[in-house]
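Only the coordinates and a few stated rules stand behind these numbers; no lab work does. Remember, it's a predicted structure, so these values are computed and weren't measured experimentally. In this analysis, Cβ positions are derived from the backbone assuming ideal geometry, glycine residues included, and neighbour counts consider all displayed protein chains.
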Amino acid sequence: MTEHSLWRFSRALHRAIDERQYADLEALIDDDVDWAIYGPIDMFPFFGARRGKAAVLDVIRRIADNVRVHRVNRESVLLGVDSAASMIRYSLTALDSNKPISLRLAHFAQFKAGRLSNIRVLVDTFDLVEQALGRPIHLPKLAS
């Protein structure tokens, strides 16, 4: 049995972010990859949709310029032959402020010939924005 593409991609992604080692990751991304991280783009400019390997590698470099990964806790993982989905909790540090960040996300990935061809990432942005602002967000009370 061979190792699932998700595990190779995940290791290479974390190595790229923490150690700026991009060669292994570059080999695991399809030239025409379709990538999207959903969240507030004006607060986090590396969120949003990208197309193509060069654009995705640029996003990963921008993420690496902003955070360091300390811990990854996969809460649940579903693996298909050429697909994967996970709920993940990350413990990060913001490099500009040395501030800890706890981030929860879900991702849905597709692979083609062992290379990432499509990924959608949904971030718990409410919690992330509160951490970035350093204060709770007070929403108006909804009518009952």
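May I ask you to list the residues in region 1-26 that are more than 28 Å from residue 132 (Cβ to Cβ) and without any contact (Cβ under 8 Å) to a residue 60 or more places away in the chain? Correct list: 1, 2, 3, 7, 23, 24, 26. Does residue 118 meet the test of being of a type outside the set (D, E, K, R), touching a residue at least 24 places away in the same chain (Cβ under 8 Å) and closer than 24 Å to residue 5 by Cβ? Spelling it out, residue 118 is indeed of a type outside the set (D, E, K, R), touching a residue at least 24 places away in the same chain (Cβ under 8 Å) and closer than 24 Å to residue 5 by Cβ. Can you find even one residue in region 72-88 that is in a helix (DSSP H, G or I) and either touching a residue at least 24 places away in the same chain (Cβ under 8 Å) or closer than 21 Å to residue 12 by Cβ (or both)? The answer is no; no qualifying residue exists.
When the residues of region 45-70 are filtered to those that are within 12 Å of the chain's Cα centre (by Cα) and within 14 Å of residue 123 (Cβ to Cβ), the one that is surrounded by the most Cβ atoms within 10 Å (Cβ to Cβ) is 47. Evaluation of residue 41 against the conditions (1) free of Cβ contacts under 8 Å to residues at least 40 places away in the same chain; (2) hydrophobic (A, V, I, L, M, F, W, C); (3) closer than 19 Å to residue 125 by Cα; (4) assigned to a strand (DSSP E or B) shows that the sole unmet condition is (4).
Which numbered condition trips up residue 101, out of (1) in contact with a helix residue (DSSP H, G or I) (Cβ under 9 Å, 6 or more places away or on another chain); (2) in contact (Cβ under 8 Å) with a residue 40 or more places away in the chain? So residue 101 meets the others, but not (2). Picking from residues in region 121-133 that are over 30 Å from residue 5 (Cβ atoms) and free of Cβ contacts under 8 Å to residues at least 24 places away in the same chain, the one that is farthest from the chain's Cα centre (by Cα) is 133.
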